[in-house]
Every structure is written in structure tokens, then in C-alpha cells.
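Enquirer: Structure in C-alpha cells, see below.
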Amino acid sequence: MSTSDAPTPRRVRVHHLQAAKERGERLTMLTAYDAVTARIFDDAGIDMLLVGDSIGNTMHGHLTTLPVTLDEIIVAARAVAGAARRAFVVADLPFGTYEAGPEQALASAVRVMKETGVAAVKLEGGERSVPQIRALSQAGIPVVAHLGYTPQSENALGGPRVQGRGHAAEQISQDAVAVTDAGAVAIVLEMVPAPVAARITEVVRVPTIGIGAGPQCDGQVLVWVDMAGMGDWTPRFAKRFGEIGAALTAAARDYADEVRSGTFPAAGHAFDA
Ligand code: KIV
């Protein structure tokens, strides 16, 4: 039976995230930016797909996530949500679409929910984003918070640097409690020292999803191009689970060689009159 004929799997929903934490089951999350990869990761059993604003640096050729627009996230999120049959799909609210306050955040999140079919939105920031998280939660929109290294603030943070060392650990823990109290359904912890992430994971009732935050988070997220080994460089906290970039280069070279030599297309690839 082909994958598309397989019975529709049970959709991961917001209460399953909480239940997974309570049962001590680790959650898996990957970014996805299109229908092709969304279907592959969904079939592989990845629990959560994140239409991250990392689409800016991974797919759109920007140096940062800052130029990504709401319209760009909406197009990608619609493709991912349309392709995923089981995964809980989360879309990032890009830089500039929620910082002005709860009204702006609500307008942006309502557009995402109406136009894409995702199950939740993600936004960056701790105590500063509490009014936004509260407003979205009260409107029935599940929110994933994002603490630690927050790429939308990379200019203020001085680039990708570990957050929450020393005295700063206390602030991140307070942020985690504040976003949970405001209604966040999960918290992404990015580049946070492992013991700090472990402590937060113990203290908050919602699942923590780590990226460069050690093994004791309730789940892990990776940017899929890092996970799959698409480029030459991999962040220290990521692991290459494949060499898909090299495999793709080899396939493209073989294709070009066969076209140039006249081996492809063969008789079987052509149509009779
Ligand atoms: O945009 C993104 O890919 C993210 C992950 C790094 C968590 O926010």
C-alpha cells in the first residue's frame, strides 16, 4: 500500500503535547517550508512541524530571519498544513508582526489561522510578549513561546550566542513561568545551557522543546536542512542525520551527464506517435 493510500493517522493535537510531557515521552519537531518535505517528515512520524522564519536564511537566501514577511509565512504554512496528515503544525509570526502589542499580534495570528490551517503560532520573547500570548490564547489560538537565543533579536543579542548563563538563568526561568501563565502551550528553548533548560523543564507544566538546550527538554527541534546535512556547515548543537545535500549533488550530476551523453531520455521515457 502506498503512503497516500494508508489510513489517515490520528492528528497530534494540543492536549497530546501536554500528555506526552506527563508520560515522559519525548516530542519530535522539525522545520518544514513546503509540501514535499512536510509530507516526508509527517510520514516519518515527526510530531510537530514548524514553519519557521528560518525560511529566510535556509530557503530565501537572506542572512537573517528579519526580512521574512507574514505573506511569505502564510504561503509556506498553507503548503505544510495541507500536506501534513498527523503532525501538529506551528507557524512563526515573523519579525514586525506582533511586537507592537496584542492587537497587532491578534491581527497577524488570525490571518495565519484563517489562511493556512496550522494548529498554532510561535512568537519570540518572554515577559515582553506576555500581553500578546495572553490575547492570542484568549482568542483560542494556541501559542508556542520561544526563549533563549531569539533570532529576531539577533542584532540586540550580538548574534547567535548562548543565553541564560550565570545571573541570566534566573530571567529565562522567570520568562518561562510568565509565558506559561499567559497561556503558552509549549516553549522552544534555543541555545540555553543544558542545566538551565533542565530546570525550566522541571518547573513549567507545558512541554519544552530544545534546540541547543541539552537532552533534558521534553522534546527537540532542528532546522531540517541541518538535520539532513544539506550544506557544508552545521551548528554545533545540531547533528547531521544524513548527507542529503551530497546525494542531491550526485543525482544532479548524473542527470546532467546522461543528458549530455544522450543516455537520458531512453526509449522507455519517450512516447510513441
Ligand atoms: O525559525 C525557526 O526555525 C525556529 C527554530 C530555530 C526553533 O524558530
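Enquirer: Can you tell me which residues in the stretch 199-236 are part of a helix (DSSP H, G or I) and more than 20 Å from GLY159 (Cβ to Cβ)?
Expert: ARG199, ILE200, THR201, GLU202, VAL203, TRP224, MET227
Enquirer: Tell me, which helices (runs of 4 or more DSSP H) wholly within the stretch 1-106 include 3 or more residues that are open to solvent by 10 Å² or more (accessible area, probe 1.4 Å)?
Expert: Of the helices (runs of 4 or more DSSP H) lying wholly inside the stretch 1-106, those with at least 3 residues that are open to solvent by 10 Å² or more (accessible area, probe 1.4 Å) span 14-23, 35-43, 70-83.
Enquirer: While we're looking at this one, here's another question. Determine which member of the set ALA44, ALA76, ALA87, ALA83 is more than 18 Å from GLU154 (Cβ to Cβ) and in contact (Cβ under 8 Å) with a residue 60 or more places away in the chain.
Expert: Testing whether each residue is more than 18 Å from GLU154 (Cβ to Cβ) and in contact (Cβ under 8 Å) with a residue 60 or more places away in the chain leaves just ALA87.
Conditions tested, residue by residue: (1) farther than 11 Å from ILE141 by Cβ; (2) small (Gly, Ala, Ser).
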residue: ALA87; (1), (2): yes, yes
residue: GLU99; (1), (2): yes, no
residue: PRO102; (1), (2): yes, no
residue: MET113; (1), (2): no, no
residue: ALA119; (1), (2): no, yes
residue: GLY125; (1), (2): yes, yes
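Enquirer: Ok, one more. Given ARG199, ARG240, which one is touching a residue at least 12 places away in the same chain (Cβ under 8 Å) and either out of contact with any Ser or Thr (no Cβ under 6 Å at 6 or more places or on another chain) or within 15 Å of the ligand (Cβ to nearest atom) (or both)?
Expert: Selected residue: ARG199, the only one of ARG199, ARG240 that is touching a residue at least 12 places away in the same chain (Cβ under 8 Å) and either out of contact with any Ser or Thr (no Cβ under 6 Å at 6 or more places or on another chain) or within 15 Å of the ligand (Cβ to nearest atom) (or both).
Enquirer: Something else now. Keeping to the stretch 110-124, report how many residues are crowded, with 22+ Cβ neighbours inside 10 Å and either away from the ligand (no atom under 16 Å from the Cβ) or assigned to a loop (DSSP other than H, G, I, E, B) (or both).
Expert: 2
Enquirer: A follow-up question, please. Sort out which residues of the stretch 207-232 are within 14 Å of the ligand (Cβ to nearest atom), free of Cβ contacts under 8 Å to residues at least 60 places away in the same chain and of a type outside the set (A, V, I, L, M), and write them in order of number.
Expert: THR208, GLY210, CYS217, ASP226
The values are calculated or read from the model by the stated rules, or taken from the named source; none is laboratory data. Since we're looking at a predicted model, the values are computed, not measured. Using ideal geometry, Cβ is built from the backbone for each residue, glycine included, and neighbour counts are taken over all protein chains shown. Each accessible area value is taken on the protein alone, full model and side chains, heavy atoms only, with ligands, DNA and RNA left out. Shrake-Rupley method; radii C 1.70, N 1.55, O 1.52, S 1.80 Å.
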